[in-house]
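What follows is a set of notes on a single structure, which appears directly below.
Nothing in this text is a laboratory measurement; each read-out follows from the coordinates by a stated rule. Source: prediction; values computed, not measured. Note: ideal-geometry Cβ built from the backbone for every residue, glycine included; neighbour counts use all protein chains shown.
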Amino acid sequence: MNCAICGKRKAVYIARVEGTELEVCEECAKYGKILKPIKKIVKKVVVKREKPEAEEFVVLDYAKKIRQARETSGLTQEEFANKLNEKLSVIRKVENGELVPSLKLARKIEEKFGIKLIEMQSEVSGEELQHEKTEVATLGDLIEIKRRKSH
Ligand SMILES: [Zn+2]
C-alpha cells in the first residue's frame, strides 16, 4: 500500500490529515497527526502437518510367506492365482520376489490363507527421531567449543 498523499512511498502510518484518516508514508505523516503505525500484516503460515497415519506396507519376506501359504494349502501356482482372481504371471513374480504385491492383493492373501503380510509403520519413528539426534549432537558440539575456548 502506497502513501495516500504522495502515492510514491510506502505508507507506514495511519495519520489524521485534515480530519481524514489516511495511510501515509513517513514524510507525509508530518502533514497530519500520526494515529498509529500500520501493522504489518504477518501472514501466519500454519504448516499443517497431517498427522501421518500409520503406514501399511507389505512385509519384506512376502515371497517366502506366500509360497509357504500356497504350498501348505496344497495348491499349484495356477490354482492359487485362480483363488485370488489374479493372473498366474503375477503370482509367479510375487513368489519369485520380483513383484511386491499390492496391499489389496496382500490383504486378499492374508484373509484367504491366514498369514500376515501387511505391517504398519508410523512415519514418526524414522525421520523425526534422527532429526532430534542431529540437534542434540550439534548442541553438544557447541558446548564443547565453548569449553575449549574458556580454557
Ligand atoms: Zn507520502
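Quick notes on this structure:
- Computed 3J(HN,Hα) for segment 86-99, one whole-Hz value per residue from the Karplus formula 6.51 cos²θ - 1.76 cosθ + 1.60 where θ = phi - 60°, is 10, 6, 4, 4, 5, 4, 4, 5, 5, 5, 7, x, 8, 9, glycine and proline marked x.
- Each residue of segment 21-27 is assigned a 3J(HN,Hα), and the resulting list reads 7, 10, 8, 10, 7, 4, 5 Hz, derived from the Karplus form 6.51 cos²θ - 1.76 cosθ + 1.60 (θ = phi - 60°), x at Gly and Pro.
- Listed cross-link partners K65/K108; K87/K116; K8/K36 are compared with a 18 Å cut-off, the Cα-Cα value being larger for K87/K116; K8/K36.
- Taking other residues whose beta carbon is less than 14 angstrom from the beta carbon of E27, and scoring Lys, Arg as +1 and Asp, Glu as -1, yields +2.
- Cα-derived Rg to Rh of segment 55-121, Kirkwood definition: 0.92
- 5 angstrom amide H check on N2, placed H, neighbours 5+ away: A11
- Taking amide H atoms as placed 1.01 Å from N in the peptide plane, the amide H of L99 lies under 5 Å from those of V94, each 5 or more residues away in sequence or on another chain.
- Taking amide H as placed 1.01 Å from N in the peptide plane, V59 has its amide H under 5 Å from the amide H of I118, E119, each at least 5 places away in sequence or on another chain.
- Backbone HN-Hα couplings from phi across segment 102-117 [Karplus 6.51/-1.76/1.60, Hz, Gly and Pro as x]: 5, 4, 4, 5, 4, 5, 4, 5, 4, 5, 7, 10, x, 10, 9, 10
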